[in-house]
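Here the structure comes first, spelled out in structure tokens, and everything after it is commentary.
The values are calculated or read from the model by the stated rules, or taken from the named source; none is laboratory data. Small disclaimer: the values here were computed from a predicted structure and weren't measured. Here the Cβ positions follow ideal geometry from the backbone for every residue, glycine too, while neighbour counts run over all protein chains shown.
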């Protein structure tokens, strides 16, 4: 198992290096940071001086090696736009994104699993068919459109929920959280639903498919034949066996939740890393963009690792197989 | 459906107005939103509108522009040119205290102005003419310029005063080195003399200010706002939604299409005023051949008839009516009316005449038209991309096939500065309210010091000399004649295709009394509330 | 047999509506099983054996349903109970053992979890007691070191051991009736005999009735008291094991027995070589006796009229040959042909 | 295992066609999709206006509500006009054309790339497999939207400004296609590894058939079922990805708007009552994506033997 973990970590580092190179290269081609920094009225001399100071005239490999060396030390340089350390900017905004992703993942998983189980158990019922068809609408609606419509209905027309920002936040041990106050909870609701809807339909459909598969298994018949209640059969036996693929997909989806937060955060002005990224793209703020892409890569790798480890917890067969073969 | 919707709206409006009534009894909290945030709190590190707006609430200069754009005293009570025409004398206000309790004196003024002239300052160009700043006594300061500079006060309205002791103690004598990613204490801490003090700030997210209890201007300004909560909301639909749903009280940039809705909504109003900014197209008329067209070996834009024909094809009123919903002031010159040098004659523009324009095109040898690329920003001016799109259609009617390249300002502006575009959109504001500023940047041929934004490649030694002479010409009448002469050339050469002057609009709760400031700089100490 | 049967199935019909018509995988099946008795149910795949077992325990997958007939457990009807009532019977009064022990056990739960859960549901014991009971159940089916193995997962057992666990699970609540659906098919030949012996011993000891579904005549010969032979959803012959195996009356049974080496079931692939053709699909069951197209001794009546179960020695067989006047039938049946 | 052709034949004869006729959802979805596709393909012939020809536009027609006469020009438009005076109906038809073209081309590109790489990886194994699958691993690290933005950014930096408008469509196809190929590759690779070990492949190999002939002649037909399902669902994904990218401003140019571009423009006018600019393109996009999704969903169930 240790060998397995080490191998995965090495793989992850390789992935990160490639990702780092791609993200670095990509922004070599985009825009000119100098204009954004100096504004319209700067002189030629200032521009030349700035290009030199930023090292923008060095060959690309030199810039990249410098970039990796600094990144390893957690130093992604300074934001061209905000003139502050990138690591600090990201750390400052990460809680907002993680919290949004977390809440929407919870919503997506809770609703997705419940609806998935419901539609699987009542496979041919009217309600189940309706939910299945409706879920396709959820998959067919782009995230940005959902966000705009939610704002239109719940903020502008009904005036029930805030349309932007985090509202009131409460600090727990340096982590600014929305979950500590009523206003904060109200503020996180619309963005979390917007972000979670697509994932919810995915999870729901996945749970349904897996559940139908599991319900065909002999051990479910056997559990029924032993006189277990429908609830015990469906939730005690079937659901648990459904969870393995659900955990994988949900884990992988968490990465895309954080990435899709770009769209949601910009619609709801949610002050997270996605919003930071979009603003950075506008200002061609290369250090922030590069760090963001690396962050997404790192998050994905970590999530993958956690998913792998979760397998061990959920599925006893893997535990002994891995223990035996490695 | 409709009736329930209406009743819900009515309820929403009712609660909104109820909320206004309850909050306006004692403490007036102003929830303010605009598209962008301040870039830094260091008052000398950025020369940028939104940054200055926030700084103006906290810091003050020797003088300031009021809500009408007039220069009024701030930390200086009066100023005048001394017997030496190169020296301006400023008498400072006495008994002013910084938020930290330090008294404001001539030492602070000298220190602040010198700080603003340091290499890392973004304000140094505005003080380029300053040779020296001297303390005369504790409450008197002299500024000596290289030559006589009658417009010096115009350049001091955004020149903020910091406390010397506090700044030095916190090791921030040099302004934040933005270009080099620098950081100093002043970037996130403030200590001004202004009407408001910083409570908390999360950049791009939320900034909270409260009234300064010891403000010197009590009695001079209304000072009804006791707390400011400032949230940048970049997405315009979200920003409007926030105003409509009553989550903010005041937004600085209402999208033109939502003005009517915001104005019509119970409890909200929109106030408007012409902005000090003109939107126009520039054309490369100087090069003998250009790359962005489909004509080999020739530059169609070099022919003044082509430029005139294009000018004639633009239907400015259609743009005003449809694209800008009436929220613009069509013009034929690239300066707004409050700028010295503007005349109604200059601002006249031709009625669109496709037939005549086509005839001129044929005259110039382009009866079949030509194709050209138009570079356009999509995140800088009000409806910039839509204006460009409209122009594409209009120019298409005289045979000019326009290939639109709309992109963010970060990519657009370098094209102009690097002379990589032959046809582009630009907007220009005139903070000193004088034509000289425009000529320096947009008309003078491109040299080290001048014409850095002149994308037309126009070069005329006679005009260049005239432009340079304006800086030192103290005789107002002669100076104005020169300005007029330059404008005549610009217009007859059709150097630019002016579109319109932007109209600023601020959306706010009904009970707020606040006029639009022509530089888009709200000073909240002027804001009043009626119940 | 004078005592009343534990299980009594009368004219049971199972129907599955499909878009191409209504299928009848079980058609007019009747049999009884007494306490302590083992009834073997044999036949080829698709004959309706397993479906009959499922019908008895009330686990027919929708849209299938019991269309008519009765199932009585110790005299009380159980085919028309509400799901919740039926659930109390399953596991508690009727236990069931499936074919594949690996697939029958939930791989994610320990053996103990699954045993305790069953015991708690039916006997209302507290957890600690249920666990004791579970260990005892495992010991009873011959799992060594049961107190340790109880916390193992199914994949940690061998196939034979797993099937012992499954039997322990089926018998955990001491049911009156056990349905064993091909309990040895998925196992190694070496352990098949042990498992069958275990099942038989436990049921004997408890006086439980057993319905042993299999296509392995060897298992039947060794274990069953009586045998029911099924073909195309119907019972074609039922009677004491000696008679049905040793001297079958129905031509299908004859073919079935003839194809099977008397002692071992490993020649399953060889079975029915003597009978040409294959079992009809449920959609196209021949008229009259379903077996007649394959029957070497079929005559005219066979494709017109389905034979009832007719006495033949101490067995019953659904074959016109067993009719005392079958000679007459043969002649009368040929008559019209002659006229034509 | 029966070959795909046989299976498809059987399916068409019986189950698939039967299930199709019996499924009102599938029928409705197909009808809607067919109508939209016809509207897109025939747009130049049946659209009332050509919104891509700027010279024919009259700005004064801008913001005309549906079925109402414009206050300046007096013209009437079925679905109203947008901010540039373009007929919304015509613009939707032309936009549909772009959305569908980008979607179909991206799916084809992803499928061809993914199937080829999957076949190669599955058939040859070894380092080919390692390389392809590692690339897939890295690729899948990034959600498709980010990959698309990345490719878009690079392409934007590499192409001359003049060519950008023409390039935009191809860049969209490339970026969406590149972000989706992994799913085909993984599916095909797995299926190929299973097929490879079967007798008929060994027989073909003994008969000295070239690996390519074996892969495309024997293995490929057997993995077409899942690929078909992936392709249908992928089409919906591609259409939405295109809309999202265009919405974010990195997609179809404003002078040749796709549905996503139209929605981006229309969003600005949602609050002021000019709902038709957002509403009609949004409903069209939803109908398109939904009908394709419904078809894909149904197809997956219909081709899945276990669910039959």
Requested in this report: Could you tell me whether residue C:66 is in a strand (DSSP E or B), over 27 Å from residue C:222 (Cα atoms) and free of Cβ contacts under 8 Å to residues at least 60 places away in the same chain?
Outcome: yes
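Yes/no per residue for (1) part of a helix (DSSP H, G or I); (2) modelled with pLDDT under 85; (3) more than 14 Å from chain C (Cβ to nearest Cβ); (4) buried (at least 18 other Cβ atoms within 10 Å of the Cβ):
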position: A:150; (1), (2), (3), (4): yes, no, yes, yes
position: A:166; (1), (2), (3), (4): no, yes, yes, yes
position: A:201; (1), (2), (3), (4): yes, no, yes, yes
position: A:222; (1), (2), (3), (4): yes, yes, no, yes
position: A:228; (1), (2), (3), (4): no, yes, no, yes
Query raised in the report: What tally of residues in the range B:153-188 results from selecting those that are more than 14 Å from chain A (Cβ to nearest Cβ) and surrounded by fewer than 18 Cβ atoms within 10 Å (Cβ to Cβ)?
Result: 7
Requested in this report: Inspect all residues belonging to the range A:211-218 and state whether any of them is within 14 Å of chain C (Cβ to nearest Cβ), part of a loop (DSSP other than H, G, I, E, B), buried (at least 20 other Cβ atoms within 10 Å of the Cβ) and out of contact with any strand residue (DSSP E or B) (no Cβ under 7 Å at 6 or more places or on another chain).
Outcome: no
Requested in this report: Search the range B:437-448 for residues being away from chain A (no Cβ under 12 Å) and part of a loop (DSSP other than H, G, I, E, B), and hand back the single one that is farthest from the chain's Cα centre (by Cα).
Outcome: B:445
Query raised in the report: Can you pull out the helices (runs of 4 or more DSSP H) entirely within the range B:180-278 that have at least 1 residues that are under 30 Å from residue A:145 (Cα atoms)?
Result: B:236-244, B:259-264
Query raised in the report: Only one of (1) within 12 Å of chain A (Cβ to nearest Cβ); (2) surrounded by fewer than 21 Cβ atoms within 10 Å (Cβ to Cβ); (3) assigned to a helix (DSSP H, G or I) fails for residue C:165. Which number is that?
Result: (2)
**Report entry** Looking only at the range B:305-335, and only at residues there that are in contact with a helix residue (DSSP H, G or I) (Cβ under 7 Å, 6 or more places away or on another chain) and part of a strand (DSSP E or B), the one that is surrounded by the most Cβ atoms within 10 Å (Cβ to Cβ)
**Finding:** B:328
Report summary line: residue A:160: passes all of (1) without any contact (Cβ under 8 Å) to a residue 40 or more places away in the chain; (2) assigned to a helix (DSSP H, G or I) but (2)
Requested in this report: Keeping to the range B:449-488, report how many residues are surrounded by fewer than 20 Cβ atoms within 10 Å (Cβ to Cβ), over 24 Å from the mean Cα position of the chain (by Cα) and not in a helix (DSSP H, G or I).
Outcome: 6
Requested in this report: Assess whether residue B:291 counts as being more than 25 Å from residue B:379 (Cα to Cα) and either part of a loop (DSSP other than H, G, I, E, B) or touching a strand residue (DSSP E or B) at 6+ places or on another chain (Cβ under 9 Å) (or both).
Outcome: yes
Query - the range B:417-436, residues that are more than 30 Å from residue B:481 (Cβ to Cβ), under 21 Å from the mean Cα position of the chain (by Cα) and within 12 Å of chain A (Cβ to nearest Cβ) - result: B:417
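Would you check if there is a residue in the range B:71-91 being assigned to a loop (DSSP other than H, G, I, E, B) and free of Cβ contacts under 8 Å to residues at least 40 places away in the same chain?
Yes, because at least one residue in the range B:71-91 is assigned to a loop (DSSP other than H, G, I, E, B) and free of Cβ contacts under 8 Å to residues at least 40 places away in the same chain.
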Requested in this report: Considering (1) in contact with a helix residue (DSSP H, G or I) (Cβ under 6 Å, 6 or more places away or on another chain); (2) over 18 Å from residue B:293 (Cβ atoms); (3) assigned to a helix (DSSP H, G or I), say which one residue B:361 fails and leave the rest.
Outcome: (2)
Query raised in the report: Are any of the residues in the range D:153-165 within 13 Å of chain A (Cβ to nearest Cβ), at pLDDT 80 or above, buried (at least 18 other Cβ atoms within 10 Å of the Cβ) and in contact with a helix residue (DSSP H, G or I) (Cβ under 9 Å, 6 or more places away or on another chain)?
Result: no
Query raised in the report: Just wondering, is there one or more residues in the range D:229-245 that are modelled with pLDDT under 85, within 9 Å of chain A (Cβ to nearest Cβ) and either under 22 Å from residue D:78 (Cβ atoms) or more than 14 Å from the chain's Cα centre (by Cα) (or both)?
Result: no
Query raised in the report: Just checking, which of B:412, B:444 is buried (at least 21 other Cβ atoms within 10 Å of the Cβ), out of contact with any strand residue (DSSP E or B) (no Cβ under 9 Å at 6 or more places or on another chain) and more than 13 Å from residue B:310 (Cβ to Cβ)?
Result: B:444
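Which of the residues belonging to the range D:275-307 are facing another protein chain (nearest Cβ under 7 Å) and farther than 20 Å from residue A:150 by Cβ?
Listed by number, the residues that qualify are D:293, D:294, D:297.
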Query raised in the report: Does the range B:330-351 hold any residues that are in contact with a strand residue (DSSP E or B) (Cβ under 9 Å, 6 or more places away or on another chain) and within 12 Å of residue B:435 (Cα to Cα), and which are they?
Result: B:333, B:334, B:335, B:336, B:337, B:338, B:339, B:340, B:341
**Report entry** Long-range neighbours under 6 Å by Cβ, at least six apart or interchain, first residue outside the structural domain of residue B:332 (by TED's automatic domain parsing) within the range B:344-366, second at pLDDT below 95 and assigned to a helix (DSSP H, G or I)
**Finding:** none
